[in-house]
Amino acid sequence: MNVKLVKLLLLELLERIVLMENFLDNAHCHAAEEADYEVIGSFRDFIKNIKGEIEASVCDMLTDDEREIHENTLYFCFKKTLTLSHIVNILHYHLYTVPSKDVVLSETHIFLNNFSRKIDYGGYYAPVEPTFILWNSYNFRHLKLPDVIISDMYQSLLLKEIMSYRDTIRPTTIIALPKIEFKNSFRWCLLVHELGHAIDTKFGISEKVSKEISASKEDMKILKEWTREVFADLFALKLLGPAYVASLAFFSSLERVLKPEESHPSPNTRILILIKELKNILKKTPEVVEDLINFWDMRCEYGRKYGLDSTENPDIKDFNFGNYESKMVPMVKSEIDRICKQKFNKDNYKKATELCKLVAKGIPISSSRDYDDKKLMKDIDKFKEMNEDIKVILLPKFNEKPNDISEIMNAVWIHRSTILEEFCSTFFENNQKSFEEKYKTFRDELKNIDKITLKSIGTADINSLLMEKGEKE
Amino acid sequence: MILDEISIMRRLVADEKERIVITPIIDAGEQFGPSSIDLRLGIHFKVIRRTEYAGLNPADPKEKIKNDIIRYCENIDVELPNALVLHPGEFALSSTLEYIKLPRDIAARLEGRSSWGRLGLQIHSTAGFVDPGFAGTLTFELNNVGRVPFYIYPGTRVAQISFYELKEESTYPYDIKKYHKYQGDIRPAFSECYEDPEFDKLRKMINKGHFCSNCGKKISAEDKFCKHCGKKLA
């Protein structure tokens, strides 16, 4: 059993608890009814108990020197973390019952519309501008308005007149994100996957691809669903780069990594397809991506070892994805290449590694200067001796260029990985600090990263708009 | 000593300890003045729905004030090319588009630009001073004191900031100050005057008895739930 894996899984769990606590801190009751406070109070009690469990039965056991932790102790910690993660997942799912005034942030719109603009709609279609809702999971729906208004409950209202207009009304694209993650901007990478579904529905790509692959009638239903998912995954990867793979990897709970469903391939299948393509995009695999791949391999290895893949899903027992993968993936890729005007490339990654240094200093990165600071300082020194116009010689060098949102997200991801790596040792150090103190530092750090990311996203759009205006002039 | 444009430039590229951070600088030629830099209006605004809000008493229980603020403050995000219309007498909070970070030996002063002042737009009423060590966006207290409503567009240069060098580095900068309420803010932040320690003392003086932490109304010591708002009591 690997100590680092257990520690990372525990930090992932703590991150989810941080999210839940942040959400509950802002939970607010309009009518201030007794029952609402009961709900908030019980969630707080649950979280307090889970934190207590983590402190007493897991953290304390991991504070020793890594070489001295016994295999059985580690196994116990691993199992305990899994159980607690499972409970936290259930709590997370039910948090939608908590009354709150939270709304989807304007940054979410800016974030996704930015990616939507990278699509070549060929002049035939209007760009996808989804409507967001806060729910308990990430989701995508393509609905016609009458279907939303007249649900099954109001069948009697199903007027013939309305139904005759049903097909003339443009369908609405609805993307849902979990209520507690409305501010957790790093996870928004998963929204690009949902945008992929919207684009797919608009262009009918996965429908077309699955029709071109000859599959048996039984397999076709699953193949269609899985093609949709593979399309959305590769679409997000091509626009976002490694940050998408990382957010998907950390989002997939350990107990599910090896389990396929009728609607989705197993997270492991999805990640392996993505990693293969990621290596093509980056050409040379950077260390941080290598770490991500190793971490994923470890997860799956332990998943297999401890029987987390044992329950077979009867619906897909006979479906062999290997028969179709080699044909389907290249077809999906070429369709994405056709519709994406601007894709993530290794230069974007290089820029992200530079921007990551600014994030570490707590500076938002919606834009950055091209000129090197030291060179600029020399230019300022020289300028004093020259008799030139400052507006021509010096000032333009201070202008910042807007960064792409994919670069921002990757810089944030690289920084987060470094922070998690650091916490892997500091959080479990046997020092004078109490669990609560360490937890607070962890929570503050995550909050800071979120603030920087939100500010960077929120300003990115207006930067580009003002810059465009200037250029046109 | 107030910094001139060359000294500001030096500070913008200096080592981390001495560096002034202002980002984004979209057009330095437009933004730099002889001893200041113009700042732009951000996209977030905050207004109070005063028709519903009875009033703010900083000596009320903190929980009640916090709840009231969530309840009566309206957040408005404006994306270009849309604008916020500020009517005469109307007050709104907003923030700079730029993120500012000051070293420990630099203080700053935020001022409105005269072009807007002549139209009747005040961008701050009392809070123009920025402490050394501050990091975040600066909050504007927008007020239309003119007679005509006008449109405010995000990204426009409404203010300017000038910098003052301290004789020595501050030993008590904003980032280590005990009550730094607005450090790291990225949106316009509503007043947190009720967090000031003097109000804790005031609360003790005023509230002799038991009060609900949610609605602030009087309750008896035996109550399990507040009879006014229903909050479960500790």
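The table below lists the values:
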{"quantity": "Candidates A:102, A:167 - the one that is at pLDDT below 85, part of a loop (DSSP other than H, G, I, E, B) and surrounded by fewer than 19 Cβ atoms within 10 Å (Cβ to Cβ)", "calculated": "A:102"}
{"quantity": "Number of positions in the stretch B:192-215 that are away from every other protein chain (no Cβ under 12 Å), assigned to a loop (DSSP other than H, G, I, E, B) and under 27 Å from residue B:73 (Cβ atoms)", "calculated": "3"}
{"quantity": "Of all residues in the stretch A:361-397 being within 30 Å of residue A:450 (Cα to Cα) and either away from chain B (no Cβ under 11 Å) or among the polar types (S, T, N, Q) (or both), the one that is surrounded by the most Cβ atoms within 10 Å (Cβ to Cβ)", "calculated": "A:366"}
{"quantity": "Matching option when the condition is in contact with a strand residue (DSSP E or B) (Cβ under 7 Å, 6 or more places away or on another chain) and either among the polar types (S, T, N, Q) or not assigned by TED's automatic domain parsing to the domain that holds residue A:336 (or both), among A:139, A:72", "calculated": "A:139"}
{"quantity": "Which listed residue is buried (at least 20 other Cβ atoms within 10 Å of the Cβ), aromatic (Phe, Trp, Tyr) and under 29 Å from residue B:50 (Cβ atoms), from B:140, B:91, B:129, B:150", "calculated": "B:140"}
{"quantity": "In the stretch A:174-193, the residues that are crowded, with 22+ Cβ neighbours inside 10 Å and touching a Pro at 6+ places or on another chain (Cβ under 8 Å)", "calculated": "A:175"}
{"quantity": "Cross-chain or 6+ apart pairs with Cβ under 9 Å, the stretch A:460-471 first and buried (at least 21 other Cβ atoms within 10 Å of the Cβ), then modelled with pLDDT under 80 and among the acidic types (Asp, Glu)", "calculated": "none"}
{"quantity": "Subset of the stretch A:250-280 [without any contact (Cβ under 8 Å) to a residue 40 or more places away in the chain and over 13 Å from residue A:300 (Cα atoms)]", "calculated": "A:263, A:264, A:275, A:276, A:279, A:280"}
{"quantity": "Any chance residue A:247 is small (Gly, Ala, Ser), surrounded by fewer than 21 Cβ atoms within 10 Å (Cβ to Cβ) and under 19 Å from residue A:88 (Cβ atoms)", "calculated": "no"}
{"quantity": "Identity of the residue in the stretch A:407-452, surrounded by 17 or more Cβ atoms within 10 Å (Cβ to Cβ) and within 10 Å of another protein chain (Cβ to nearest Cβ), that ends up nearest to residue B:99 (Cα to Cα)", "calculated": "A:452"}
{"quantity": "Test: residue in the stretch B:59-68 that is under 20 Å from residue B:149 (Cβ atoms) and touching a strand residue (DSSP E or B) at 6+ places or on another chain (Cβ under 8 Å)", "calculated": "no"}
{"quantity": "Residue satisfying all of: in the stretch B:1-48; of a type in the set (A, V, I, L, M) and in a loop (DSSP other than H, G, I, E, B); surrounded by the fewest Cβ atoms within 10 Å (Cβ to Cβ) among these", "calculated": "B:1"}
{"quantity": "Filter result for residue A:232 (touching an Asp or Glu at 6+ places or on another chain (Cβ under 9 Å) and either of a type in the set (A, V, I, L, M) or not assigned by TED's automatic domain parsing to the domain that holds residue A:138 (or both))", "calculated": "yes"}
{"quantity": "Test: residue in the stretch B:98-110 that is among the aliphatic types (A, V, I, L, M), touching a Gly at 6+ places or on another chain (Cβ under 8 Å) and away from chain A (no Cβ under 13 Å)", "calculated": "yes"}
{"quantity": "Among (1) facing chain A (nearest Cβ under 8 Å); (2) in contact (Cβ under 8 Å) with a residue 12 or more places away in the chain, the one test that residue B:27 misses", "calculated": "(2)"}
{"quantity": "Residue A:401 free of Cβ contacts under 8 Å to residues at least 24 places away in the same chain, charged (D, E, K, R) and more than 7 Å from every other protein chain (Cβ to nearest Cβ)", "calculated": "no"}
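So that you can scan it fast, the table gives a plain yes or no per residue for (1) within 23 Å of residue A:26 (Cβ to Cβ); (2) in a loop (DSSP other than H, G, I, E, B):
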{"residue": "B:67", "(1), (2)": "yes, no"}
{"residue": "B:70", "(1), (2)": "yes, no"}
{"residue": "B:85", "(1), (2)": "no, no"}
{"residue": "B:88", "(1), (2)": "no, yes"}
{"residue": "B:110", "(1), (2)": "no, no"}
{"residue": "B:115", "(1), (2)": "no, no"}
{"residue": "B:132", "(1), (2)": "no, yes"}
{"residue": "B:140", "(1), (2)": "no, no"}
{"residue": "B:146", "(1), (2)": "no, yes"}
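The values are calculated or read from the model by the stated rules, or taken from the named source; none is laboratory data. Owing to the predicted nature of the structure, the values given are computational and were not obtained by experimental measurement. Methodologically, a virtual Cβ is constructed for each residue, glycine included, from the backbone with ideal geometry; neighbour enumeration extends over all protein chains shown.
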